[in-house]
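The values are calculated or read from the model by the stated rules, or taken from the named source; none is laboratory data. This structure is a prediction, so every number in the text was calculated from the model and none was measured. Note: ideal-geometry Cβ built from the backbone for every residue, glycine included; neighbour counts use all protein chains shown.
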Amino acid sequence: MKVLICDKTESDAIEKMRAAGLKVDANFEITPEELNAVLPGYDGCVVRSRTKIRQPLIDLCPNLKVIVRGGVGLDNIDADYARSKGITVMNTPRASSISVAELAVGFMFMLARDLHKASASMKSEKWDKKSFEGDEIGGKTLGLVGMGNIGREVAGRAAALGMTVLVYDPYLKEAPGARLVTLDELLAKSDYISLHLPKTKESTGMIGKAQFEKMKTGVRLVNCARGGIVDEGALYEALTTGKVAGAALDVFADEPPLDWKLVKLENVICAPHIGAATREAQGRVGAEVAEKLIEFAAGK
């Protein structure tokens, strides 16, 4: 089987695939135009979040049998269409769960203690100790919107920190270590809200003006899931009025953002979609991609 790897993948994983008999080419900087030209010659491809596999490209590739996304979501792949053409579509949903969960919890600590502001103050050579009285996380209520692999990891860590964990997830019947509630109850009772759900037609824009109005004044919001789940215009308004005390964002509707005003707010912490960007997660993602492709090629 001939495979094209379009985005950065660990060299050990590539060598493992080659050792198993797969013919693997890697081009981590391939452009959409180049991909259109060369992908028709491959049986499989591997992408991360950079490369998009949309319907027009799929139509150019009658020999394509499998697409593997090294990561959690499939929003950069027209997965349903690909499957309708007989193409197997897979991802690696568990490989980066711990890394993303740790980032979400780290963001909560930063928001609680205004660490981003304290650090910036020190870098400007100020010793402004009295301006940085923060809050403890223990004893606060965390609302998790979505409790898949990452949400479960966050819930366990939050409970260990002494937080009460509420969960809204319409696909669950129970949430070990947490309490399942309606979205409205979660919004009304949470001191921190962290999003851990895929971007779908149903979830796009699900946290908007109406939802912010139902939240506690002074709530803090964390989004390490997908951009577009939160209405960024409504979030900007909530942050500037004080309804939301602070937000930590690893994902954005447009990446990079087309409008940077949200990022530049003082009460916003942000990162360029680095949730899975740890050495450990990258190693696990690469290993799982290799395993899935090797098994697919073997007909398992």
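At-a-glance table
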read-out	value
Residue within the stretch 234-241 that is surrounded by 15 or more Cβ atoms within 10 Å (Cβ to Cβ), under 21 Å from the mean Cα position of the chain (by Cα) and not in a helix (DSSP H, G or I) present	no
Whichever residue in the stretch 176-197 is in a loop (DSSP other than H, G, I, E, B) and among the hydrophobic types (A, V, I, L, M, F, W, C) and, among such residues, is surrounded by the fewest Cβ atoms within 10 Å (Cβ to Cβ)	V181
Sole residue being touching a residue at least 24 places away in the same chain (Cβ under 8 Å) and either within 25 Å of T217 (Cβ to Cβ) or not aromatic (F, W, Y) (or both), chosen from L195, L115	L195
Residue match in the stretch 277-300 (condition: of a type in the set (K, R), part of a loop (DSSP other than H, G, I, E, B) and modelled with pLDDT of 95 or more)	no
Residue in the stretch 220-227 that is touching a Lys or Arg at 6+ places or on another chain (Cβ under 6 Å) and either surrounded by fewer than 22 Cβ atoms within 10 Å (Cβ to Cβ) or part of a loop (DSSP other than H, G, I, E, B) (or both) present	yes
Residue under evaluation S49, criteria (1) at pLDDT 95 or above; (2) under 25 Å from A225 (Cβ atoms), criterion not met	(1)
Members of the stretch 242-252 found to be assigned to a strand (DSSP E or B) and either under 20 Å from the mean Cα position of the chain (by Cα) or not β-branched (V, I, T) (or both), listed by number	A245, G246, A247, A248, L249
Filter result for A247 (buried (at least 21 other Cβ atoms within 10 Å of the Cβ) and not assigned by TED's automatic domain parsing to the domain that holds L111)	no
Top-ranked residue of the stretch 16-40 - restricted to ones that are without any contact (Cβ under 8 Å) to a residue 24 or more places away in the chain and either β-branched (V, I, T) or within 14 Å of K292 (Cα to Cα) (or both), ranked as surrounded by the most Cβ atoms within 10 Å (Cβ to Cβ)	V24
Residue count for the stretch 3-12, restricted to those that are surrounded by 14 or more Cβ atoms within 10 Å (Cβ to Cβ) and either polar (S, T, N, Q) or modelled with pLDDT of 95 or more (or both)	5
Close pairs from the stretch 243-258: first in contact (Cβ under 8 Å) with a residue 24 or more places away in the chain, partner small (G, A, S) and not in a loop (DSSP other than H, G, I, E, B), Cβ under 6 Å, at least 6 apart	V244/A238
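So that you can scan it fast, the table gives a plain yes or no per residue for (1) in the same structural domain as R226 (by TED's automatic domain parsing); (2) among the aliphatic types (A, V, I, L, M); (3) assigned to a helix (DSSP H, G or I):
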{"residue": "L142", "(1), (2), (3)": "yes, yes, no"}
{"residue": "M147", "(1), (2), (3)": "yes, yes, no"}
{"residue": "R152", "(1), (2), (3)": "yes, no, yes"}
{"residue": "R157", "(1), (2), (3)": "yes, no, yes"}
{"residue": "V165", "(1), (2), (3)": "yes, yes, no"}
{"residue": "E174", "(1), (2), (3)": "yes, no, no"}
